[in-house]
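What follows is calculated from the coordinates using simple rules that are stated; it is not laboratory data. All figures in this text were calculated on a predicted structure; none of them were measured in a lab. Neighbour counts run over all protein chains shown; Cβ positions are idealised from the backbone, glycine included.
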Amino acid sequence: MLCAYLNNGKIEIKDIEIPTLNDGDVLIKVKYALTDGTDLKTYLRGHYILKDGPFGHEYSGIVVETKNEKFKIGDEVFGINSAYCGNCKFCKQNRENLCIYLKDNIVVGAYAEYLKIPKLVADKNLFIKPEEISFKVAPIIEPLSCVFHGIEKLNLIGFEKILILGSGSIGIMFFLILKENFEVKIYSRSKKRIELLKSAPFYEELNNSFVQNYQGDYDVIIDTTGSFELLSEILKSLPKGSKILLFAGMEKDKFLTFNQSYFHYNEIDIISSFHQTPSSVKKAYQFLIKNHELLEYLITHEIELKDIILAFELMKEGKALKVAIFPSKL
Ligand SMILES: [Zn+2]
């Protein structure tokens, strides 16, 4: 089968054996895998956790082999890329996103013709796809769950104004979820990505929310950029009682500085969020069922697996939001 590999910042398509299954595992024929910022970052500069090798972790497909009694051949499925053990110290704190066994129960290699879903993921985080949800949009449940986890960590009770840093697909997801209950603005250096959504029903609202200047008057800041330069500026001008969510990772050799005294006397919260928990997956599932038509606009391109490099080049240049990679059309 064909599978995309990352190797020292280069993408190669290899012809490899179809994975074999152990007890509890499920094999799917991939219909679509969605690109995201994590994969783009891994491609451009490496990743804190993900190493070189097969990549891609947002997937949907059809079950073609199963050693798990929850599933049968022909089931249309989509899911999350990891599962938690339920017993470690973090799982006991309901912080399953930090489970110490996360790396042992992970789905990678979705940019391929076939994908193995390990037992624990199949048991906990592989779902039967409702008919009305397309194979193309279903994989978005994974980043959407991460977004809901970020929102849970923020605890927004009583807050009114939110500024989202970055206009990539994650920033837009935060916008779509939060705009119902808050005054939300998106701050980005360029409007390029927002222009990609011209045909979306929420385009006007999104466009009106775009700001190119940061005035320092937002109580809640959500950073989806991981930009050292931008955050260095923002940390100098957070208002009293505000909070900032660090949603995106930064290059690991970068260290931010801030004025401790100002942060203390003005009680400014720096909050981080990583990955997702069962509770945020549940919220993402419900949001997807209700809003799948809107979310589908975030997938701006469809590209065949053999041309996957083009997908990442388009993303790098800000000419694509999410790209749906398909192995081949039947
Ligand atoms: Zn655990």
Computed about the Cα centre, the charge dipole of the chain from +1 Lys/Arg and -1 Asp/Glu charges at the Cβ has a magnitude in debye, to the nearest 20, of 420 debye
Once Glu152 and Asp123 are pulled to full extension, the length gained, defined as 0.36 nm per residue separation minus their Cα-Cα distance, is 8.0 nm
Calculated from DSSP helices alone, with each H run of at least 4 adding -39500 (n - 2.57) and the total divided by the residues of the chain, [θ]222 nm to the nearest 500 comes to -8000 deg cm²/dmol
Fewest-first ordering of Ser209, Ser232, Ser169 by Cβ atoms within 10 Å yields Ser232, Ser209, Ser169
Stretched fully, the stretch from Asn213 through Glu160 gains (0.36 nm per residue minus C-alpha distance, one decimal, in nm) 17.2 nm
Protection proxy (average C-beta count within 10 Å per residue), highest first, orders 130-141, 91-102 as 130-141, 91-102
Given pairs Lys14/Lys136; Lys10/Lys70; Lys92/Lys116; Lys89/Lys306 and cut-off 31 Å on Cα-Cα distance, the over-length ones are Lys10/Lys70; Lys89/Lys306
Interchain or sequence-distant (5+) residues whose placed amide H lies within less than 5 Å of the amide H of Asn68 are Gly24
Charge dipole of the stretch 87-133 built from unit charges on the beta carbon (Lys, Arg +1; Asp, Glu -1), centred at mean Cα; most positive-end Cα among Ile128, Phe90, Tyr111 is Phe90
Inter-part gap, Cα centre of the stretch 57-128 to Cα centre of the stretch 149-222, in whole angstrom, is 30 Å
Whole-Hz Karplus couplings 3J(HN,Hα) for the stretch 304-319, θ = phi - 60° and coefficients 6.51, -1.76, 1.60, Gly and Pro as x, run 6, 3, 5, 9, 4, 4, 4, 4, 6, 5, 4, 5, 4, 8, x, 9
Label model pair Asn7, Glu132: point-to-point distance (7 angstrom along the Cα→beta-carbon line) in nm is 4.6 nm
Taking N as the residue count of the chain, its alpha carbon Rg divided by 2.2 N^0.38 Å gives 0.99
In the chain the DSSP beta bridges are antiparallel at a rate, in percent to nearest 5, of 55 percent
Diffing the stretch 60-71: the Karplus 3J(HN,Hα) column from phi (6.51, -1.76, 1.60, θ = phi - 60°), in whole Hz with x for Gly and Pro, holds 9, x, 10, 5, 10, 7, 8, 10, 10, 6, 5, 10
Answer in debye to the nearest 20: the dipole magnitude of the stretch 145-272 about its Cα centre, from +1 Lys/Arg and -1 Asp/Glu charges placed on Cβ, is 280 debye
Under 5 Å from the placed amide H of Asp269, counting only residues 5+ away or on other chains, we find Ser242, Lys243, Ile244
Sorted on mean Cβ neighbours within 10 Å (highest first), peptides 305-317, 75-87 come out as 75-87, 305-317
Normalised Cα Rg of the stretch 145-272, dividing by 2.2 N^0.38 Å with N its residue count, works out at 1.03
For the stretch 162-171, Karplus-derived ³J(HN,Hα) couplings (6.51, -1.76, 1.60; θ = phi - 60°; whole Hz; x for glycine and proline) come out as 10, 10, 9, 8, x, 10, x, 4, 5, x
Burial-style ranking of 257-268, 236-247, 62-73, 29-40, average other-beta-carbon count within 10 Å with highest first, yields 29-40, 236-247, 62-73, 257-268
